[in-house]
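Every read-out reported here was derived from the displayed coordinates using simple, explicitly stated rules and does not represent laboratory data. Quantities reported herein were computed from a predicted structural model and do not represent experimental measurements. Don't worry about glycine lacking a Cβ; one is built from the backbone with ideal geometry, like all the others, and counts go over all protein chains shown.
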């Protein structure tokens with residue numbers, strides 16, 4: 001009988017310990033949920049964005065079609081988008097971006113699209129973007145344009161413009177694809 005009592009006490013102790021650990025995990029999950037909710041509210045459905053006012057770094061890239069692009073070649077206000085072939089939200093956003101880019105006054109000279117991925121994987125996105133934007137394809141180690149803008153996630157849509165010093169800076173980091181573009 002003493003062995004049975006000891007076994008019941010041991011099982012009861014283990015169940016109590018398990019209950020305490022479970023309650024601790026639940027508390028921690030609630031804290032994480034609150035943090036994730038705050039992050040989602042700060043940037044709904046978007047990766048970390050480039051801050052407004054950030055100066056665009058120097059870069060030189062060759063667009064599809066052979067045009068050499070630099071920070072200085074981006075005239076005035078320009079709509080800039082970063083996509084990746086391996087990004088599901090990029091595929092969902094791409095048709096809306098293409099429609100929005102068609103409304104940019106100044107045409108494709110005022111729209112830059114950067115596809116980060118191998119040329120063979122980027123082919124489909126490039127085909128959709130080329131009629132409405134100058135398109136640059138970058139692969140992992142050769143991400144000069146992405147580095148110049150400080151891109152941390154995909155998709156990222158930016159509006160850039162010249163500041164009072166004549167430098168290209170991020171003028172907007174939340175582009176409304178459902179409105180008509182106002183880039184002049």
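What the table shows:
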quantity	calculated
Segment 73-144: C-alpha gyration tensor shape, a/c 1.5 cut-off, then a/b vs b/c	oblate
Neighbour-count order for 52, 132, 169, fewest beta carbons within 10 angstrom listed first	52, 169, 132
Three-way shape call for the chain based on the alpha-carbon gyration tensor, with the a/c threshold at 1.5	prolate
Efficiency of FRET between residue 3 and residue 23 - r from beta-carbon atoms, R0 30 angstrom, step 0.05	0.45
Computed helical MRE - 222 nm, the chain, DSSP H runs ≥ 4 contributing -39500 (n - 2.57), nearest 500	-13500 deg cm²/dmol
Nearest 10 degrees, 0 to 90: helix 119-129 Cα axis against the chain principal axis	60
Antiparallel DSSP beta bridges within segment 1-137, percent to nearest 5	25
Degrees, to the nearest 10: 2-42 long Cα axis against longest axis of the chain	20
Paramagnetic label zone (point 7 Å from Cα along Cα-to-C-beta, residue 174; backbone N under 14 Å) in segment 153-167	157-159
Rounded if a/c under 1.5, otherwise prolate or oblate - segment 116-184, Cα gyration tensor axes	oblate
